[in-house]
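Working notes, structure below.
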Amino acid sequence: MRALTDDERAWVIKTLKKIEDKMVPVTKRNLDKIPYTTADGKFDDKSVSDPCWWTNGFWGGEMWQLFALTGNEMFRQEAIGVEEKLDKNLMTTEGLDHDNGFKWLPTSVIRYKLEKNRESLNRAMLAANNMAGRFNLAGNFIRAWNNWDNVDRRGYAIIDCMMNLPLLYWASEETTDPRFKMMAVAHADTAMKEFVREDGSVNHIVVFDPFTGRMTETLGGQGYGVGSSWTRGQSWGIYGFALSARYTGEKKYLETSKKIADYVLSEMPESFLVPIDYRQPKDVDLEDSTAAAITASGLIELAQQLEDGGDKYLDAAIKLLKTLDEKRCSWGLDTDNLLNNCAVDYHGDGHNMSIIYGDYYFIEALMKLDDKALRIF
C-alpha cells in the first residue's frame, strides 16, 4: 500500500482532532450508556432497553479506539463499563448468536490483548464457545440468529458473519486448539462458494437445509430484494474475507475480498454517497453512511495486505471518508453522533438516522490511516 501524501496525512490528523474535540464532551454526558442511535441528537441507551442488542459492543470498541488515540482514561473506563454490562447478555441464551464477535471482540478480546485481564479472557472464551456451538456440520456454516418471532432460521447463514469469524480465529490462537479455526475456515469456504456471485456481488442471506446442508434459496434480507446488492453486505464481504486472509494466510480469501471490492468500485456513485443497495431503483435516493464507513475500513484492510494493486482501494477509501467528513458528519457539540444518513435496511423505516457502528468504523478507518488503530477485528 502506498504512503499517504502530505495533504492526505494532514487531513487525517485534522479529522481525528475534530473527533477528539467532539467525543470528549459527548462521552462525558453519556457515561454509563450503551448507545445505538439518537433521538433529537441525543444518544439512547441499549443497556436499559435491550442489553442483548447486536450492536452493543461497538460503543466499547469506539471507547478503546479513542483511548488509543488520546490516552484519556475516561474512554478506557467507559469501555470497561460496557464490557461489564454485557455480562447480562452472556447469561441470556436467546441473546447469544452469530454476532458474539461484534459484542466481545471490541470489548473483552481487545481488553485481554491490552491488559491480560483474566475476567475478559473468560468472557471472550464463553462467547467463542457459544458461537462455535452454532456450527452446522451438514452445511459447514455458522447459523445466523435464533427462532425469534417463531421464524424458522435453523438453516440461515448471513454475510455479516464473516466479521464475527475473528472471534474463533482468536480463540484458536489463545488456546492452541485448532477446532475454532477449523470452523471459521469451513464457514468462510461455504460463504465464498454460496454467497459471492460471479460478478462479485454478494447475497445477504443464504438458506440451507439444516439436516442435509443443501443450499435451498437466497433471500434479499435487508437489501432491495432477492438478487440485489445490499451495500452493507458488500462491505462485510470486503472486510470479512480480508480478515480471514490475514488470520489464515490463504490467498483465496484475499482474492475474494478483491473480487467484491472491484464490484463495489464499479457500482460506486460519482458522489461517493453510498446507497442502501447498489441495485435499488434509480429514482430512489436512500443512503447508508454506515456502508460507506465499513467499506472504507475494509478497503484499507485489503490494501494493507496487497503487495501490488492496492492503491486503487486506498484511494477509494480516502474518497469515501472525505465525503463523509465533508457532507455527512455532525461536527457540532449539540449532537452526540458523528455520521448522518445511516440506514438499517431498505424496506424498513430505519432511514436517515445515526447508528453507532457507522461512527465506530469511521473512527477506525481514520486511525488505520494514521497507524494508530487497535486491531479489534
Give region 217-233 a look and list any residue that's under 18 Å from the mean Cα position of the chain (by Cα) and farther than 18 Å from residue 190 by Cβ, or say none.
222, 223, 229, 230, 231, 232
Test: residue in region 45-54 that is hydroxyl-bearing (Ser, Thr, Tyr), touching an Asp or Glu at 6+ places or on another chain (Cβ under 6 Å) and touching a residue at least 12 places away in the same chain (Cβ under 8 Å)
no
For region 28-62, give me each residue that is assigned to a loop (DSSP other than H, G, I, E, B), closer than 15 Å to residue 357 by Cβ and open to solvent by less than 10 Å² (accessible area, probe 1.4 Å).
34, 35, 55, 56, 57
Give me a count of the residues in region 281-305 that are in contact with a Leu (Cβ under 8 Å, 6 or more places away or on another chain) and open to solvent by less than 20 Å² (accessible area, probe 1.4 Å).
11
Would you call residue 288 acidic (Asp, Glu) and under 19 Å from the mean Cα position of the chain (by Cα)?
yes
Residue that is at pLDDT 95 or above, within 26 Å of residue 347 (Cβ to Cβ) and small (Gly, Ala, Ser), where the choices are 289, 257
289
Filter result (basic (Lys, Arg) and open to solvent by less than 10 Å² (accessible area, probe 1.4 Å)) within region 88-124:
103
So which residues in region 307-322 are touching a residue at least 60 places away in the same chain (Cβ under 8 Å) and part of a loop (DSSP other than H, G, I, E, B)?
310
Looking only at region 63-77, and only at residues there that are part of a helix (DSSP H, G or I) and either of a type in the set (Gly, Ala, Ser) or over 25 Å from residue 369 (Cα atoms) (or both), the one that is least open to solvent (accessible area, probe 1.4 Å):
68
Being open to solvent by 10 Å² or more (accessible area, probe 1.4 Å), in a helix (DSSP H, G or I), more than 19 Å from residue 159 (Cα to Cα) and not aliphatic (A, V, I, L, M) is the requirement here; does residue 325 meet it?
yes
Pairs where the first residue, in region 111-133, is farther than 19 Å from residue 99 by Cβ and of a type in the set (Lys, Arg) and the second is in a loop (DSSP other than H, G, I, E, B) and open to solvent by 70 Å² or more (accessible area, probe 1.4 Å), C-beta under 9 Å, 6+ apart:
113/375
Would you mention how many residues in region 347-377 are over 23 Å from residue 103 (Cα atoms) and within 18 Å of the chain's Cα centre (by Cα)?
1
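Yes or no, residue by residue, for (1) over 18 Å from residue 100 (Cα atoms); (2) of a type outside the set (Val, Ile, Thr); (3) open to solvent by less than 10 Å² (accessible area, probe 1.4 Å); (4) at pLDDT 95 or above:
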site	(1), (2), (3), (4)
159	no, no, yes, yes
177	yes, yes, no, yes
189	yes, yes, no, yes
192	yes, yes, no, yes
199	yes, yes, no, yes
222	yes, yes, no, yes
229	yes, yes, yes, yes
Inside region 291-326, can you point out the residues that are within 20 Å of residue 163 (Cβ to Cβ) and charged (D, E, K, R)?
301
Is it the case that some residue within region 252-274 is open to solvent by 20 Å² or more (accessible area, probe 1.4 Å), of a type in the set (Ser, Thr, Tyr) and either over 21 Å from the mean Cα position of the chain (by Cα) or within 28 Å of residue 323 (Cβ to Cβ) (or both)?
yes
Within region 53-72, does at least one residue satisfy the condition of being modelled with pLDDT of 95 or more, of a type in the set (D, E, K, R) and more than 19 Å from the chain's Cα centre (by Cα)?
no
Would you say residue 217 is without any contact (Cβ under 8 Å) to a residue 40 or more places away in the chain, out of contact with any Cys (no Cβ under 9 Å at 6 or more places or on another chain) and either in a helix (DSSP H, G or I) or among the basic types (Lys, Arg) (or both)?
no
Those residues of region 342-372 which are open to solvent by 30 Å² or more (accessible area, probe 1.4 Å) and either charged (D, E, K, R) or closer than 18 Å to residue 15 by Cβ (or both), in sequence order
345, 349, 371, 372
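The values are calculated or read from the model by the stated rules, or taken from the named source; none is laboratory data. Values in this document were obtained by computation on a predicted structure and should not be read as measured data. Glycine also receives a Cβ, built like all others from the backbone with ideal geometry; neighbour counts cover every protein chain displayed. Note: accessible area is taken over every heavy atom of the protein model, side chains too, but ligands, DNA and RNA are not part of it. Shrake-Rupley method; radii C 1.70, N 1.55, O 1.52, S 1.80 Å.
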